Amino acid sequence: MATSRKILHADCDCFYAAVEMRDNPALREVPLAIGGRAEGRGVISTCNYPARAYGIHSAMPTARALRLCPHLTLLPGDFDRYREASRQLLAIFQELTTIVEPLSLDEAFLDVSDVTRFSGSATWMARWLKAECLRRVGITVSVGAAPTKFLAKIASDWEKPDGLTVIAPTQVDDFLRELPVTKLHGVGPATAKRLEALEIATCSDLQRIPIERLLQEFGKFGRRLFELARGIDDRPVRVERERKSISAEVTFASDLQSLIQCRAELGPLCQRLEARIARHGEPPLAGAFVKVRFDDFTLTTLDSRGASPSLDTYFSLLEQAWARRKRPVRLLGVGVRLVSEDARRQLSLPLDATAGNSAATWYRCSDADRTSPPNWGDRSSGN
Ligand SMILES: [Mg+2]
């Protein structure tokens, strides 16, 4: 790596709940969640911190959340308002750099390597972002700054809520030493279990395993683990990114042997999918699909255009996909196809119209608080 990049990951704190609390301050101190109704087998998409104190979290069935906290305030969610707040936040991000990759309504990567304002200091940029998002949109954002995407994302989560964590290039090795491997990008429950069986808990444990061994254990992902443990992640921040689908999948620690077993996994998968669709602001859907990888690594995907993402839809798709090979199953996924932005425009559904880029606002808030540490990237400090 000749020159190191500066990546910010901005992530709103309990976004939907934050919009609701902004618009109705009486909700601030009470446990609050946005999600589907318990009677409709709904799941929680977001909850505020008082609700989290009861053990409630996103993707949890609403019925369970209400058992944990019977006086929980449950709102169905107003996605027009959430999308509007999201557009305003994105416009602020784009004042800093044009290289912005939104991941969902409340989360984005920014590549600020070439930004010269704020003396090029990633720390000041992050402080500015947080201040402007709060001042103009009334939303608290946690920001992480690091030389790579995966570290920036871990950093934004490090001191949530209202966090600001900077991992400068010189701090990467120290940061990784104690970092649990479960924090690494792409390490899901199944991989975590296998790593645990190998007594690999932290990145320094992982660094001690030779690449050959990791390839043997984890296939292609072994190389990825080898790199991540050393802080290597060359994925660029991608600007062009029309999302075509949203899905949830799981790779099983041991293969599922029967259709009945597969069916039992559909419920939890659909709950995760539902929470994800909510995180993307309930976009218009064009159909549903299932994805099955069998033990011989063949992959089959089955689509149903126009179908709604219900358990029944997925079971019927799963039955057909299973019938294609009738073998043990390694991986199961459920997903939805999205209506393309072109088609949405033709349907004249409102999309982002203006990303305000006002130079006046840009300059007004510079030079604020030049004393705060740490100051990675500040050219005057020679880094
Ligand atoms: Mg968030």
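Here SER45 passes the criteria (1) open to solvent by 20 Å² or more (accessible area, probe 1.4 Å); (2) within 14 Å of the ligand (Cβ to nearest atom); (3) modelled with pLDDT under 95 except the one numbered (1). I'd like the residue in region 259-283 that is assigned to a loop (DSSP other than H, G, I, E, B) and open to solvent by less than 40 Å² (accessible area, probe 1.4 Å) and, out of all such residues, is nearest to ALA192 (Cα to Cα). Applying the filter and picking the extreme gives HIS280.
Determine, yes or no, whether SER142 is touching a Pro at 6+ places or on another chain (Cβ under 7 Å) and within 14 Å of the ligand (Cβ to nearest atom). In short, yes. Residues of region 1-34 being within 16 Å of the ligand (Cβ to nearest atom), open to solvent by 10 Å² or more (accessible area, probe 1.4 Å) and of a type outside the set (Asp, Glu), which ones? Across region 1-34, the qualifying residues are CYS14, ALA18, MET21, ARG22.
Within region 61-89, the set of residues being of a type in the set (A, V, I, L, M, F, W, C) and within 16 Å of the ligand (Cβ to nearest atom) comprises PHE79, ALA85, LEU89. The single condition among (1) open to solvent by 10 Å² or more (accessible area, probe 1.4 Å); (2) within 16 Å of the ligand (Cβ to nearest atom); (3) farther than 30 Å from GLY36 by Cα that ILE92 does not meet is (1). For region 101-124, the candidate set comprises residues that are surrounded by fewer than 22 Cβ atoms within 10 Å (Cβ to Cβ) and within 16 Å of the ligand (Cβ to nearest atom); within that set, the residue that is farthest from THR3 (Cα to Cα) is SER104. Kindly check whether there is at least one residue in region 63-74 that is closer than 27 Å to LYS130 by Cβ, surrounded by fewer than 18 Cβ atoms within 10 Å (Cβ to Cβ) and in contact (Cβ under 8 Å) with a residue 12 or more places away in the chain. Taking every residue of region 63-74 in turn, none turns out to be closer than 27 Å to LYS130 by Cβ, surrounded by fewer than 18 Cβ atoms within 10 Å (Cβ to Cβ) and in contact (Cβ under 8 Å) with a residue 12 or more places away in the chain.
The values are calculated or read from the model by the stated rules, or taken from the named source; none is laboratory data. Because the structure is a prediction, the values reported are computed rather than measured. Glycine also receives a Cβ, built like all others from the backbone with ideal geometry; neighbour counts cover every protein chain displayed. In case anyone asks, the SASA skips ligands and DNA or RNA and just uses the protein heavy atoms, side chains included. Shrake-Rupley method; radii C 1.70, N 1.55, O 1.52, S 1.80 Å.
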